[in-house]
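What follows is a short report on a single structure.
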Number of protein chains: 2
Amino acid sequence: MNKERPGPTRATVRDVAARAGVSPGTVSKALNGTGQISPTTRARIVAAAEEIDFRPNALARSVFERRSYTVGLITTDSFERFSVPVMLGAEDALGAGQMSVFLCDSRDDPIRERHYVEVLLGRRVDGFIVTGRTSNERPPLHVDRDVPVVYALTPSADPADCSVVVDDEAAGRLAGDHLIRLGRTAVGHITGPEWFDAARRRAAGLAEVLDAAGHPLLDKPWYGGWTEAWGRQATQILLRSNPDLDAIYCGSDLLARGAADALRDAGRRIPDDVALIGTDNWEYIAEGARPPLTSIDLGLGEVGRLAARRLLDAIAGQPHSGVERVACHLVARASTDESGPH
Amino acid sequence: MNKERPGPTRATVRDVAARAGVSPGTVSKALNGTGQISPTTRARIVAAAEEIDFRPNALARSVFERRSYTVGLITTDSFERFSVPVMLGAEDALGAGQMSVFLCDSRDDPIRERHYVEVLLGRRVDGFIVTGRTSNERPPLHVDRDVPVVYALTPSADPADCSVVVDDEAAGRLAGDHLIRLGRTAVGHITGPEWFDAARRRAAGLAEVLDAAGHPLLDKPWYGGWTEAWGRQATQILLRSNPDLDAIYCGSDLLARGAADALRDAGRRIPDDVALIGTDNWEYIAEGARPPLTSIDLGLGEVGRLAARRLLDAIAGQPHSGVERVACHLVARASTDESGPH
């Protein structure tokens, strides 16, 4: 750290006033953005401020421009593995510091969320991005000023709001298409709790494709927990009732890890006997598996990027409305590739 | 969103001036913190500002107080699993919005880092917390103003700086103590690349305890990659040269997952034949394993909390110096507990 102290030598409103040939009161007006000042004078003040290096005071600059170049990102997910990629995507789209991001972790606590909204409004953020851990709808963020809000990953319950989410049905369809193309005809599905929209939508997408191909889903979707243990247990159940099972699509990579272990324990080769697809494309988990897991990448980074672009539009006066779904894609690895390394 | 527009009705510097019975120029002086104003007048201006709800303008308030109540948190880790707990801990200690955190992801790019420092200085942050993904030293953050910096997780190469880090040697000692107490006498160690300080320190702590107990480490520390595949491979090597192996300490939970798979493939029961300890206490990974993994929790949240407290001290004029190591602790699960569920 350099020891040069800020202070006496720093440019002040008085210095700006002197340079612009106006009174400090006029600079104050400009600072407050009140209308009683001509555009020419305003421009002269801004120029003067720049000339004498008023620049470091972004606080003042933001008051000049009535913009803080700051976005509040509120998550309920403690910045866990779902909201972090969304956040990085948003940061990307906000242009590496052209807009800065204030992160707040509401920890699913409405009082904490309310508090953060107040703090961020006090800091005059230009907008909010709200994200969470599920695809289930959430109540709209209560913002008692005209500051735009975009919902990412977790949509707003108000259809007039702008929400950018994952396309969970497409994820299920992608997995089904891939398995049908591989010639699999006896497909099971293991997933998380039924009250997760994401789980139901993925199951619906998968069932749609399998039905269309004339090879309907075995049993029913096996809803349970998002854990490896459930992946193992559900695989054992599936194998008992369907000894001819030749593929499993899992609603998460952790579930698929559990399924892989149970299949190996039962003497089934992956993918020769049973092809296996996970969801999330969570690198540590998918690549560490034996064999590495084919997985559906839900495009979380793109969710964040698109949400940020929608927010920038809204800040610029062009708000969007409704739910947009971002495309997902399949990352093929050895668990479905009979020719690949195992 | 409520449609009440900000604007004409919002309190301005002129309103504050009228209420405080001073000129707008005097309010400007107070806004700029220049010295030509009596403490009494200053107090009157602050009171007037509060009375007419100048409150929403935290920007102006921060200029009043010469503090922005903002901390910049810069990571090189893309807010991955190491820096996120540090960040949450820091946020905790900064008091739920009393100080807000600006997150910047430098992505290990010095130009990006430089850019963020400039942006955050422009926003008048009160201080910086710098974090990363390894325990290896990093060059000090270049801050050309007197704004304090505290390093969390990744220490500064300058010993005069304040760094708060994990106690990796203690992690190795904890694992060794636990295994010795369980009566294990033939302990192997599998870990990440040797150029990681964390890997070398954990190995040194383990070796120290095993030597003291008269049961020195088998072979040498097996340095490799931080992957499950290396965990499997190194376990096979260890078993070949040490068929009497009765415990393995792994430098990460993923390595321990790989070790568990290789042990099971070799027909060894965990923990009856071979006790197994991981590091990180990464919940998804440690609890999903068969059996669930005993693991060393490195106290990353506490690293963040302590770093934030040190930064608050520095902002208050009481800087700390040197490297502080945060205590870690062992979380016992079935992989070392012969009486536990497997």
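Descriptive notes on the structure:
- The antiparallel fraction among DSSP beta bridges confined to the protein assembly as shown stands at about 10%.
- Tail beyond 27 Å, pair distance distribution of chain B (Cα, percent): 55
- For A:R138, residues with placed amide H under 5 Å, excluding near neighbours: A:S156, A:A157
- Computed [θ] at 222 nm, deg cm²/dmol, chain B (DSSP H ≥ 4; -39,500 (n - 2.57); rounded to nearest 500): -12500 deg cm²/dmol
- Helix B:253-265 vs. chain B, principal-axis angle (Cα, 0 to 90°, nearest 10): 20
- Counting charges near B:L217 (Lys, Arg +1; Asp, Glu -1) among other residues having Cβ under 11 Å from its Cβ returns a value of -2.
- Crossing angle, helix B:197-212 versus chain B [Cα axis fit, 0-90 degrees, rounded to tens]: 50
- Between identical copies, the spacing of B:D92 label points, each set 7 Å from Cα toward the C-beta atom, reads 3.1 nm from nearest to farthest.
- In degrees, nearest ten, helix B:228-241 long axis to first principal axis of chain B (Cα): 30
- For segment A:168-297, a simple Cβ point-charge model (Lys and Arg +1, Asp and Glu -1, everything else neutral) yields a dipole of about 300 debye relative to the Cα centre.
- For the pair segment A:160-217 / segment B:294-308, the C-alpha centres are spaced 39 Å from each other.
- For the protein assembly as shown, the fraction of C-alpha pairs more than 45 angstrom apart is 30%.
- Inter-label distance, B:R114 to A:H115: 3.9 nm, where each label sits 7 Å from its Cα along the C-beta direction.
- Top positive-direction residue, dipole computed over chain B with Cβ charges, set B:S83, B:A314, B:V130: B:A314
- Charge dipole magnitude, Cβ of K and R +1, D and E -1 - chain A, Cα centre, debye nearest 20: 1520
- Shape call, segment A:168-297: gyration tensor on alpha carbons, a/c limit 1.5: rounded
- Distance in nm between pseudo-label sites at B:D273 and B:D144 (7 Å out along the Cβ direction from Cα): 6.4
- Given charges at Cβ of Lys, Arg, Asp, Glu: chain B dipole, positive-most of B:H215, B:T41, B:A289: B:T41
- Cβ-placed point charges (K, R +1; D, E -1), dipole of the protein assembly as shown about Cα centre in debye, nearest 20: 2760
- Ordering of B:235-241, A:184-190 by packing [mean C-beta count within 10 Å, highest first]: A:184-190, B:235-241
- Dipole-positive endmost among A:A204, A:P148, A:C162 within segment A:143-227 (Cβ charges, Cα centre): A:A204
- Amide H contacts for B:R325 (H built 1.01 Å from N in the peptide plane; partners 5 or more residues away or on another chain; cut-off under 5 Å): B:V165.
- Rounded to whole Hz, the Karplus (6.51, -1.76, 1.60) HN-Hα couplings of segment A:271-287, x for glycine and proline: x, 3, 8, 9, 7, 9, 10, x, 9, 3, 6, 7, 3, 3, 7, 6, 7
- Mean Cα-pair separation over length for chain B, i.e. relative contact order, pairs under 8 Å, 6 or more apart, %: 16
Rule-based calculations on the coordinates, nothing more; no lab input. In this text, all values refer to a predicted model and were calculated from it rather than measured experimentally. Note that we place each Cβ from the backbone using ideal geometry, even for glycine, and neighbour counts take in every protein chain shown.
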